[in-house]
Amino acid sequence: MSTIQETLLDHLYGSPTAYQAVARLKEKLDSQGFMELYQNQSWDLKPGQNYYVSANGSSLLAWRMPKDKATGFSIIAAHLDSPCFKVKPNGEIYTRNVVELNTQPYGGAIWSSWFDRPLHLAGRVMVKKDGSVIAVPMVVQATPLVIPNPAIHMNREANNGVKLDAQRHLLPVLGLSNQRLPLLRVLLAKELKVKPDDILAHDLYLINRQKGEVWGVNKEMLSSPRLDDQACAWLGYEAFTQSESSENIPVLACFDNEEVGSATRQGAASTFLFDTLSEIAAAVGGSVRKLFANSLFLSCDNGHAAHPNYPEFDDPTNSANLNEGILIKHNARTSYTTDGLSWALFAQICEMAEVKTQHYTNRSNIMGGGTLAQISLTQVSMPALDIGLPQWAMHSSYETCGALDIASMLKAMTAFYCTKRSLSEDSWVLKS
Ligand SMILES: [Zn+2]
């Protein structure tokens, strides 16, 4: 039987972009008897049934309807996108006999980690077929691409902090050719077995397809592309499908576009979550306001572990170690939504589940990042907190976390879904 670490690595490999991640999640949910709903159709939600709906093929919400009454929602939210590069229209750039692709950065990657390694194209392609246009998710198999470094002999400052220009230095090489042909379109057409003219448009990204691995003298580490944040999304899915229903309606929310601000129709800033939860509330005969007030939004997005080579980045009292527990993330600017109440509530859930937790804050002189919970709460007013796996090298093309923390996160998420609770403005009751 596969370990949770192995199934996670399989999922990360099979999900180079949010399109593949959603397609995989749909397949898994279908096999477990979930029914797909569509945003442009009427819904007839039945007690005890399991459902999911996607937006743009790159965000997905899944939930289980209660058999009778419901008191609130238990939501695990994570994001499916990771920093990378998006291919522009008219992609080919010809310099001498070299064909590069014109790309622009998607999110804030550590660019240096993308040099001199095989990269692939993945995303979706819009294809004309039988009088209609269909979006085809695809990972281009034909060839890897490479962003080559200049030699150290040309750039003696290569190890002293190099300023990179996204338009000049980060373009991937597709191949060599002296002919000015639409090489990308030809390549896509060949792989999709269609005519080049039938390819109308694309959302293609340059991604690292390297398969991750468990490593370390005691197999205690796990490295892979896209740990931030598909690891949390996958563990959320596992916890969601393994948990027994409670009177809090379990919801899995996987969003696209967190790395670029979430302000898309499928992003956390949209009404996708609100609209869906409102329909569920109507079906169970509950008030949206009351159900939201008794809900808990668990935003799961990785944070930082203390780095042995850079102790100067650690907060004096709230830095975390790999494999010593999942992170509860705090920020005074509320870029993390954790407050005293949600912190204490979640800490109690973890204590009951025998899962270790660690607190994470940025040093006060480091700005730090944000995540989707703060943005989601502008649409759905409910108690929330931010948690995550501690990891190194966030936004590198290859990231590292602790293998034991993976299992701890799954245990904590499962306990979160299973715990019955009632909340009020300033107190709560946990019921076993
Ligand atoms: Zn993230």
Q) Can you list the cysteines of the chain that have no other Cys Cβ under 4.7 Å away? A) C84, C254, C350, C401, C418
**Q.** Lys, Arg +1 and Asp, Glu -1 on Cβ, resulting dipole of the chain about Cα centre, debye, nearest 20
**A.** 980 debye
Q) Looking at P137, N160, G107, which one has the Cα that reaches farthest to the positive end of the dipole of region 85-207 (charges on Cβ: Lys, Arg +1; Asp, Glu -1)? A) P137
Q) Looking only at L164, L410, L119, which one moves most when the chain is put into a Gaussian network model with springs between Cα atoms under 10 Å? A) L164
(Q) Considering only protein heavy atoms and a probe of 1.4 Å, how much of the accessible area of the chain is carbon and sulfur, as a whole percent? (A) 52 percent
**Q.** C-alpha long axis of helix 403-418 to longest principal axis of the chain, angle in °
**A.** 40 degrees
Q: Name the residues whose placed amide hydrogens come within less than 5 Å of the amide hydrogen of E399, ignoring near sequence neighbours (fewer than 5 apart) on the same chain.
A: S224, R226, L227
Q | Signed unit charges on C-beta, dipole axis of the chain, positive-most listed residue A233, L206, L296 | A | L206
Q. Going by alpha carbons, how many degrees (0 to 90, nearest 10) lie between the helix axis of 183-192 and the longest principal axis of the chain?
A. 60 degrees
Q. Amide H of N149: which non-local residues (sequence gap of 5 or more, or other chain) have their own amide H closer than 5 Å, using H built in the peptide plane?
A. D116
Q | Given charges at beta-carbon only (K, R positive; D, E negative), |dipole| of region 85-207 in Debye | A | 120 debye
(Q) Using Stokes-Einstein with the Kirkwood hydrodynamic radius over Cα pairs, what translational diffusion coefficient do you get for the chain at 10 °C and a viscosity of 1.306 mPa s, in µm²/s rounded to a whole number? (A) 70 µm²/s
Q. Of the beta bridges DSSP finds with both residues in the chain, what % are antiparallel, to the nearest 5?
A. 70 percent
Q | Residue among I4, L80, S42 farthest towards the positive dipole end of region 1-114, charges placed on Cβ | A | S42
Q. Around N248, which amide H atoms from residues at least 5 apart in sequence, or from another chain, sit under 5 Å from its own amide H, with H modelled in the peptide plane?
A. T71
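Stretched out fully, how many nm does the piece from Q32 to T7 gain, at 0.36 nm a residue minus the Cα gap?
Contour length minus the Cα-Cα distance gives 7.3 nm.
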**Q.** Residue with peak Gaussian network fluctuation, the chain [Cα springs, cutoff 10 Å], from T241, T357, T334
**A.** T334
Q: Run through every distinct alpha carbon pair of region 85-207 and return the Kirkwood hydrodynamic radius in angstroms, one decimal place.
A: 15.6 Å
Q) Okay, which of region 206-239 sit inside 13 Å, backbone N to the point 7 Å along the Cα-Cβ direction of N309? A) none
Q.
How charged is the neighbourhood of Q242? Take every other residue with its Cβ under 15 Å from the Cβ of Q242, and add Lys/Arg as +1 and Asp/Glu as -1.
A. +1
Q. What accessible area per residue comes out for the chain, rounded to a whole number of Å², with a 1.4 Å probe?
A. 45 Å²
Q: Would you mind listing how long region 1-116 runs along its three principal axes, going by Cα atoms, in whole Å with the largest first?
A: 68, 39, 25
**Q.** Gaussian network model of the chain, Cα within-10 Å springs - most flexible of L222, L80, L389
**A.** L222
Q | Check: region 148-292 dipole with +1 on Lys, Arg Cβ and -1 on Asp, Glu Cβ, in debye | A | 720 debye
Q: State the Cα centre-to-centre distance between region 325-371 and region 190-257 in whole Å.
A: 24 Å
**Q.** Zone residues, region 192-212, relative to Q141, backbone N less than 12 Å from point 7 Å out along Cα-to-Cβ
**A.** 192-193
Q) How many nm separate the modelled label positions at A407 and L430, each set 7 Å beyond the Cα in the direction of the Cβ? A) 2.1 nm
Q. Which peptide among 85-97, 315-327 comes first, and what is the full order, when sorted by highest mean count of other Cβ atoms within 10 Å?
A. 315-327, 85-97
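The values are calculated or read from the model by the stated rules, or taken from the named source; none is laboratory data. Since the structure is predicted, the reported quantities are computational estimates derived from the model, not experimental observations. Cβ atoms come from the backbone with ideal geometry, glycine included; neighbour counts cover every protein chain shown. Protein only, heavy atoms only, side chains kept; ligands, DNA and RNA dropped before computing areas. Shrake-Rupley method; radii C 1.70, N 1.55, O 1.52, S 1.80 Å.
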